[in-house]
Amino acid sequence: MNPLPVVRATIRANRLSFFLFLTLIAAAVALGVALTAQERALRRGAARAVDKFDLIVAAPGSQTDIVLSTIFLQPSAIELIPGPSLARILAEPKATIAAPIAFGDSFQGIPVVGTSARFVSHLADGMAEGRAFATRSEAVVGAAVDLPVGHRFRPTHGHGPATVGDSAHEHGWELSVVGRMKPTASPWDRAIVVPVEYNWEVHGLPTGHPKGSEAIGGPYDPALLPGVPAVVLKPESFAAAYGLRNAYRTTESTAFFPAEVLIQLYGVMGDVRQVMSYLTTATQILVILAIIAGVVALMDLYQRQFAVLRAIGASRFFILATIWCYLGAIVVSGTVAGLITGVGLAYVVSSFLAQETGIVFVPQVGGPELALAGTVLGLGCVLALIPAVAQFRKPVVQGLKA
């Protein structure tokens, strides 16, 4: 006998409980899938964001704060590299690019970052529109900044809510947007980039060039260099990278690969993910057990119907198969719905994080997510035998008297 017609009839007769059980499994699976998919998306997104920052040299301090400030453009109070040390770093012969990074201003909440035109070209692999800045009154914008080429604006001092509205301290310096960078998949897509000399001059500092000069970029006069939070170096070779890292680890500066900081952060994320995975697995097991308990109670209501089927010739194995297929339908439907919902939830979270950080996160379904769904599916199908066997063992007479 085919148990599927009886399964379909049972589902139709108990639509509410069926979809309630299905939803519980879907929620448990979705939580686990979203967690693992988002964690891997965070790793990939962060790795892409630091890809063009080969080596960072900064004043001694927290490397995490330096990375958050320099790469992820999060306002942070970090020490400045003093002028004499900065002069040596910017003139480093073993680096093809030595780009100072300076902060301090913003426009409508968008950070205004000072650096070199060469670093802009390196970071974005060229311009999507217009050209790189050539004077101190010119700026280029990130791919996600809603300012057109040709737009003129006046930056304000500082970061955060105080830089927007009547309380903003506006500089009298007007900048003109002359180009738009290609997407970098990093927070620099949401930044305005200007010559570092602008940052120095607008704050009343020397610019590394003789007074009255409008030059931008090197070479710089060591006696006229102010400090900067960090310098990004692109070493000429792999061996030179490690040599420079060791050379600039002194009492006046620190040098490190951003990937070193990410590895530390990944370690923390991995520990958190492991704990969350244990909690998610425990939740899934409890949900499945709760559903099975509910199905056992539901099947008891149908005890007389099953006994009648037995009395007219249905075998014990038909009853077992019917109940197992009913529970299997719940588990399979809930697992598939949870897998789809989990990926959708990961995309929603990724979109929110991208808006907040500027980093592109792309969650994907891979081995960990499929393994999680497969575990729930397998465990659910095995545990579904519990109510099936319980009905399998009940005598017909007992069922008819129910």
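The values are calculated or read from the model by the stated rules, or taken from the named source; none is laboratory data. Because the structure is predicted, anything quoted here is derived from the model rather than measured. Neighbour counts run over all protein chains shown; Cβ positions are idealised from the backbone, glycine included. Ligands, DNA and RNA are stripped out before the accessible areas are found, and what is left, the full protein with its side chains, is counted by its heavy atoms. Shrake-Rupley method; radii C 1.70, N 1.55, O 1.52, S 1.80 Å.
Around residue 254, what is the net charge, scoring Lys/Arg as +1 and Asp/Glu as -1 over all other residues with Cβ under 12 Å from its Cβ?
-2
Please report, largest first and rounded to whole Å, the three semi-axes of the ellipsoid equivalent to segment 326-366, where each semi-axis is the square root of five times an eigenvalue of the C-alpha gyration tensor.
30, 8, 4
For segment 1-72, what does the accessible surface come to per residue with a 1.4 Å probe? Please give it in Å².
Each residue of segment 1-72 exposes 42 Å² on average to a 1.4 Å probe.
When we measure straight from the Cα of residue 94, which aspartates and glutamates land under 14 angstrom away, once same-chain ones fewer than 8 places off are left out?
Of all the aspartates and glutamates, those that pass the test against residue 94 - Cα under 14 Å, at least 8 places apart if same chain - are 54, 236.
At a 10 angstrom cut-off on C-beta neighbours, averaged per residue, how do the peptides 86-93, 137-144 rank from highest to lowest?
Ranked by mean Cβ neighbours within 10 Å, highest first: 137-144, 86-93.
Report residue 157's accessible area, 1.4 Å probe, all protein chains in place, as a number in Å² to the nearest 10.
Roll a 1.4 Å probe over it and residue 157 shows about 90 Å².
Nothing charged except the Cβ atoms of Lys and Arg (+1) and of Asp and Glu (-1): what's the magnitude of the dipole of segment 1-106 about its Cα centre? Round to the nearest 20 debye.
In total the dipole reaches around 840 debye.
What are the extents of the Cα atoms of segment 1-76 along their three principal axes, listed from largest to smallest and rounded to whole Å?
77, 23, 15
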